[in-house]
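The values are calculated or read from the model by the stated rules, or taken from the named source; none is laboratory data. Note that the structure is a prediction, hence the values are computed from the model and not measured. Cβ: placed from backbone, ideal geometry, glycine included. Neighbour counts: every protein chain shown. For accessibility, only protein heavy atoms count, side chains too; no ligands or nucleic acids. Shrake-Rupley method; radii C 1.70, N 1.55, O 1.52, S 1.80 Å.
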Amino acid sequence: MTSLTQAPKVKLLVNGELVESQTTQWRNVINPATQQVLAHVPFATSSEMEAAVAAAKHAFKTWRKTAIGTRARIFLKYQQLIRENMAELAALLTAEQGKTLADAEGDIFRGLEVVEHAANIGNLQMGEIANNVASGVDTYTLNQPLGVCAGITPFNFPAMIPLWMFPMAIACGNTFILKPSEQDPMVTMRLVELAMQAGIPPGVLNVVHGGEEVVNAICDHPDIKAVSFVGSTRVGTHVYNRATLAGKRAQCMMGAKNHAIVLPDAHKEQTLNNLAGAAFGAAGQRCMALSVVILVGEANQWVPELLDKARSLKINAGAEAGTDIGPVISCTAKERVESLIAQGIAEGANLVLDGRKPAVPGYEHGNFVGPTVFTRVKPGMRVYEEEIFGPVLCIMQADTLADAIAIINANPNGNGTALFTQSGAAARTFEEDIDVGQIGINVPIPVPVPLFSFTGSRASKLGDLGPYGKQVIQFYTQTKTITARWFDDSVTVGKVNTTISLK
Ligand code: NAD
């Protein structure tokens, strides 16, 4: 058990009240650039979990019937509050997560876009109607909320991913239990406070903190109808299996190994800038980070210039001006990245840029790893097979676009990918033949805007429907199809119909 300091305790949110947990199990929230303990986060007890679910269940009775306009206006107000508090939110995010202030604002902004989308719930949740499907008979659909839903989020986007989840679920008329990452829950809690300030009624949004035990309790709880998870493939597969076994809907957005293909006709300068930004930005801790580049044909000669780009990036605390790469989230994460680099060397990959143990004056205790590049990487090597989640780029070679596509499709993950080319025909072949969820054409991190849904293929996703966009409305609602006929009192003669036809 972690011993408590003077640092603040992160609160639970139950029935509209921020409450201190009665648990004996706490974990430190640590600034990854300095190792300062910023707060203590509780591992909620089972009775606290029960209280949160009971509050959500009770609130659902009235929230499900609350007018669309009332629900929508809360999210209009909420997006305004997020904008007004952007600088404070970004500073909090950087302190506990490590990414640069500009990237922290990006993290919040990509979530804010989903809040704006939730404010449009009136259009999104509308059903359909077909008039006169038989004479005097109409068929229409209602998209009704499910009840209590839950979300489990990862450390790498502590603003965006919670905002993928609870605004859309609540806008649809559900109530929600959020389980933020225990590594950086503070900015998530600040966003939750702003959501309450925007007018979300007590019990409609609840927060429990914790790890495996709380997550398992969410998966098992009979009053929770749907679980949305974002995180690693290992945990997501467990959550999906456990939640669906308990009869819930589940959607799990999971791990990645994202490849870019570079054709020799690509715009060289733009391509190299994009590759370096997507491989090393956020210290490689994005599920959409480009961690493998396949250079096709003569593009293989671009390695020295790519290394120059990588060397030009400034490693420092995220809060310092001019920083390109902040620390990774924890000492454990840093040690894991360093040990995978050592393993890459041992397995015969060619380490052409070694970012281990960079000098960062003033932040000697930070979890820093600088840009690291391997060439001659082959399938089967651990640096290729595992999601490193650090600023480590693996470079491979292929003779043709078809060969490069075959490499990507043989990788178990299918989260994101990108092609760099000036050829429309090559781009079309790529988008047709690649088996990956998010595809960028000269766009290195093609995270869809909320008009569309985030998706994923193979080991990167379980469940049919993605978060946000149109799909999430289907995920968070149950469709009822109503076929209705109203008898005209003036017609008194009728016949018994023993067929299935509507007459
Ligand atoms: P993680 O899987 O370790 O943790 C995610 C959540 O699961 C956290 O809330 C954590 O408390 C909980 N958890 C951890 N261990 C658990 C266990 N044994 N049983 C039950 N619950 C457990 O992921 P992370 O390290 O926080 O985040 C990084 C991962 O998330 C990467 O794999 C990344 O690719 C992935 N990710 C995917 C997407 C996507 O959209 N596909 C987006 C962001 C992150």
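Observations on the model:
- Potential lengthening between D223 and Q478 on full extension [0.36 nm per residue; Cα-Cα distance subtracted]: 90.2 nm
- In the chain the Cα-Cα distances spread across 20 Å bins starting at 0 as 23, 51, 22, 4, 0 percent of all pairs.
- For the stretch 376-465, the solvent-accessible area with a 1.4 angstrom probe is 42 square angstrom per residue.
- Equivalent ellipsoid, the stretch 113-181 (semi-axes from 5 times Cα gyration tensor eigenvalues, Å): 34, 13, 8
- Along principal axes, Cα extents of the stretch 348-475, largest first, whole Å: 49, 38, 29
- Bridging of K314 to aspartates and glutamates at a Cα separation below 18 Å is possible for D103, E305, D324, D354, E364, once same-chain residues fewer than 8 apart are set aside.
- Computed [θ] at 222 nm, deg cm²/dmol, the chain (DSSP H ≥ 4; -39,500 (n - 2.57); rounded to nearest 500): -11000 deg cm²/dmol
- Near Q25, the amide H atoms lying under 5 Å from its own belong to F43; only residues 5 or more places off or on other chains count, and H is placed 1.01 Å from N.
- Modelled spin-label separation between S339 and T498, with each label point placed 7 Å from Cα along the Cα-to-Cβ direction: 7.5 nm.
- Using a cutoff of 8 angstrom between alpha carbon atoms and counting only pairs six or more residues apart, the relative contact order for the chain works out to 17 percent.
- D489 sits with roughly 140 Å² accessible to a 1.4 Å probe, with DNA, RNA and ligands left out of the calculation.
- The Rg/Rh ratio of the stretch 269-410, with both radii computed over alpha carbons and Rh defined as the Kirkwood radius, is 0.96.
- For the stretch 273-364, accessible area per residue (1.4 Å probe, heavy atoms of protein chains only), Å²: 41 Å²
- Label zone at E20, where the point sits 7 Å out along the Cα-to-Cβ direction: the stretch 36-54 residues whose backbone N lies under 15 Å: 39-43
- Burial order of peptide ranges 494-503, 126-135, 187-196 (average beta-carbon count within 10 Å, highest first): 187-196, 126-135, 494-503
- Between the C-alpha center of the stretch 389-432 and that of the stretch 196-236 there is a gap of 35 Å.
- Solvent-accessible area per residue for the stretch 24-157 (1.4 angstrom probe, square angstrom): 42 Å²
- Distance cut-off 23 Å, percentage of C-alpha pairs in the stretch 215-300 lying past it: 45 percent
- Calculated FRET efficiency for the pair S312/R234, C-beta based, R₀ 35 Å, to 0.05: 0.50
- Taking all protein chains as they are arranged and a probe of 1.4 Å, the heavy atoms of T45 leave approximately 40 Å² accessible to solvent.
- Unsatisfied cross-links (Cα-Cα over 26 Å) in the set K248/K334; K65/K470; K334/K470; K257/K334; K57/K99; K77/K461: K248/K334; K334/K470; K57/K99; K77/K461
- These residues, V449, V215, go from largest to smallest accessible area, 1.4 Å probe, as V449, V215.
- If only the Cβ of Lys and Arg carry +1 and only the Cβ of Asp and Glu carry -1, the dipole of the stretch 185-250 around its Cα centre is close to 240 debye.
- Per residue, the convex hull around the alpha carbon atoms of the stretch 20-160 comes to 154 Å³.
- Each Lys and Arg Cβ is given +1 and each Asp and Glu Cβ -1; about its Cα centre, the chain then shows a dipole of about 1200 debye.
- Geometric extent, Cα atoms of the stretch 315-382 - Rg, Dmax (angstrom): 13.2, 40
- Solvent-accessible area, 1.4 Å probe, carbon plus sulfur percent, for the chain: 53 percent
- Using equal-weight Cα scatterers in the Debye expression, the normalised intensity of the stretch 380-451 in log10 at q = 0.28 Å⁻¹ is -1.53.
- In terms of its alpha-carbon gyration tensor, the stretch 40-86 comes out oblate; a/c meets the 1.5 threshold, while b/c is at least as large as a/b.
- Label-reachable residues, the stretch 409-430, where backbone N falls under 19 Å from a point 7 Å from N442's Cα toward its Cβ: 417-430
- The stretch 75-117: translational diffusion in µm²/s, Stokes-Einstein, Kirkwood Rh over Cα pairs, 20 °C, 1.002 mPa s: 208 µm²/s
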